[in-house]
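Student: Can you keep this structure in mind? I'll have questions shortly.
The values are calculated or read from the model by the stated rules, or taken from the named source; none is laboratory data. Quick caveat, the model's predicted, so the values are computed rather than measured. Don't worry about glycine lacking a Cβ; one is built from the backbone with ideal geometry, like all the others, and counts go over all protein chains shown. Please note that ligands, DNA and RNA were not included when accessible areas were found on the heavy atoms of the full protein model with its side chains. Shrake-Rupley method; radii C 1.70, N 1.55, O 1.52, S 1.80 Å.
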Amino acid sequence: NKKFKFVMNSLNDSIKSGDSLSGALAKFPNIFPKLFVSMVRAGEESGDLVGSLGIVSTQMEKTHELKKKIQGALIYPGVIITAMTGIGIFMLIFIVPTLTKTFTELNVELPKSTQFIIAISDMFQNNTFALLGGVVFFIGLIVLAFKTSVGRRILDWTLLHAPMISRLVKETNSARTTRTLSALIISGVPYLTAVEITLGVMQNSYYKEVLKKA
């Protein structure tokens with residue numbers, strides 16, 4: 001990796017010129033997060049840099065394993081929802097029109113729910129590309145909205161209260177909090193500093209608030 005090779009050479013040059021390892025790492029915040037740098041600094045101050053690096057390594061492996069478990073847990077419902085949506089659209093475009101012809105020939109009054117489904121089917125048939133474009137546009141707007149502070153707040157609240165996934169979200173955030181604090185404190189980082197660093201690691205705004213109060 002040429003980019004990482006450049007970073008390693010830069011670290012080497014910084015240390016040769018008198019910088020500490022933690023100071024050299026801090027120059028690349030996009031590669032070495034604050035958590036990583038703080039634990040290295042604590043190891044330098046305590047005289048046990050090897051121990052701190054070992055803890056950092058273990059922490060990163062556990063974080064990676066946790067991410068894989070979360071992704072694995074979300075794949076199944078994601079596939080099911082996608083398949084259901086696809087089947088629903090397919091039926092509205094190709095199956096319902098056939099049934100509509102049958103109902104028309106029978107000349108009977110249909111229930112409101114059936115009329116509603118037929119109306120949606122007609123919309124999809126006559127405006128397929130416009131509706132699909134509208135759906136894509138709507139999803140894009142939602143994604144942009146969630147990037148704002150208010151939108152992110154709404155998303156965080158929804159994830160904490162949504163059926164089926166709320167427990168997973170709570171356990172994931174709790175695991176991230178305790179693992180990060182544990183690794184920092186074991187490395188010798190002062191408790192208040194450890195809480196501040198953990199605050200930066202957390203993604204859910206409600207968990208951030210709890211840590212600020214703590």
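Student: Run the quick spin-label model on residue 82 and residue 9: label points 7 Å from Cα toward the beta carbon, then report their separation in nm to one decimal.
Tutor: 4.1 nm
Student: Which Rg and Dmax, in Å, describe the Cα atoms of the chain?
Tutor: 26.5, 90
Student: Separate question: Please calculate how many Å² of accessible area the chain carries per residue, with a 1.4 Å probe and no DNA, RNA or ligand atoms counted.
Tutor: Details: 14930 Å² over 214 residues.
Value for the chain: 70 Å² per residue.
Student: So, one more: How would the range 151-199 be classified by its alpha-carbon gyration tensor: rounded, prolate or oblate, with rounded meaning a/c under 1.5 and the a/b versus b/c comparison settling the rest? Working shown, then result.
Tutor: On the way: a/c = 5.61, a/b = 2.21, b/c = 2.54.
In terms of gyration-tensor shape, oblate.
Student: Extension gain residue 214-residue 155, at 0.36 nm per residue separation less the Cα-Cα distance, in nm? Intermediate results must be reported in sequence, preceding the final value.
Tutor: On the way: separation 59, 0.36 × 59 = 21.24 nm, distance 2.33 nm.
Length gained between residue 214 and residue 155: 18.9 nm.
Student: In nm, give the distance between the simple-model label positions of residue 53 and residue 19, each being 7 Å from the Cα along the Cα-to-Cβ direction.
Tutor: 1.7 nm
Student: Next question. First measure r as the distance between the Cβ atoms of residue 30 and residue 60, then evaluate 1/(1 + (r/R0)^6) with R0 = 22 Å and state the FRET efficiency to the nearest 0.05. Provide the component values of the computation, followed by the final result.
Tutor: Working: r = 16 Å, r/R0 = 0.72.
That pair, residue 30 with residue 60, gives E of 0.90.
Student: Give 5/69; 34/69; 5/27; 2/147 a once-over and call out the pairs whose C-alpha atoms are over 22 Å from each other.
Tutor: Working: 5/69 31 Å; 34/69 24 Å; 5/27 15 Å; 2/147 32 Å.
Checking Cα-Cα distances, 5/69; 34/69; 2/147 exceed 22 Å.
Student: Related question: Send over the semi-axes of the range 63-170's equivalent ellipsoid, whole angstrom and largest first, taken as the square roots of 5 times the C-alpha gyration tensor eigenvalues. Don't skip to the end; give the middle numbers.
Tutor: Working: eigenvalues 281, 60, 38 Å².
Ellipsoid half-lengths, sorted descending, are 37, 17, 14 Å.
Student: For the chain, what's the relative contact order in percent, using C-alpha pairs closer than 8 Å and at least 6 residues apart? Before the final figure, lay out the partial values.
Tutor: Values: 118 pairs, mean separation 48.6, N = 214.
It comes to 23 percent, rounded to a whole number.
Student: Separate question: Considering only 173, 107, 12, give the residue with the highest GNM mean-square fluctuation for the chain, with springs between Cα atoms whenever their separation is below 10 Å.
Tutor: The residue that fluctuates most here is 107.
Student: Let me ask you something else. With only Lys, Arg, Asp and Glu charged, each at its Cβ (+1 for the first two, -1 for the last two), find how big the charge dipole of the chain is about the Cα centre; round to the nearest 20 debye. Show your work: numbers first, answer last.
Tutor: On the way: 23 positive and 14 negative charges, 70 e Å.
Around 340 debye, computed over the chain.
Student: State the extension gain, in nm to one decimal, for the chain segment bounded by residue 137 and residue 119, taking 0.36 nm per residue of separation less the distance between their alpha-carbons.
Tutor: That pair, residue 137 and residue 119, stretches by 4.3 nm at full extension.
Student: Among 64, 204, 190, which residue has its Cα positioned farthest towards the positive end of the charge dipole of the chain, with +1 placed on the Cβ of Lys and Arg, -1 on the Cβ of Asp and Glu, and the dipole taken about the Cα centre?
Tutor: It is 190.
Student: A further question follows. Rounded to the nearest percent, how much of the accessible area of the chain (1.4 Å probe, protein heavy atoms only) is carbon and sulfur?
Tutor: Details: 9970 of 14930 Å².
The value for the chain is 67 percent carbon and sulfur by accessible area.
Student: Going by accessible area, probe 1.4 Å, with all protein chains left in place, what is the ranking of 148, 100, largest first? Could you put the intermediate results ahead of the total?
Tutor: On the way: 148 70, 100 30 Å².
Listed by decreasing accessible area, they come as 148, 100.
Student: Right, another one. I'd like the distance between the alpha-carbon centres of the range 118-139 and the range 151-214, rounded to an integer number of Å.
Tutor: Cα centres, the range 118-139 to the range 151-214: 40 Å.
Student: Let me ask something additional. Within the range 194-208, name every residue whose backbone N is under 14 Å away from a label modeled 7 Å from Cα of residue 46 along the Cβ vector.
Tutor: 194
Student: Subtract the Cα-Cα distance of residue 1 and residue 95 from 0.36 nm times their separation in residues, and report this length gain in nm to one decimal.
Tutor: Working: separation 94, 0.36 × 94 = 33.84 nm, distance 5.22 nm.
Result for the pair: 28.6 nm of gain on full extension.
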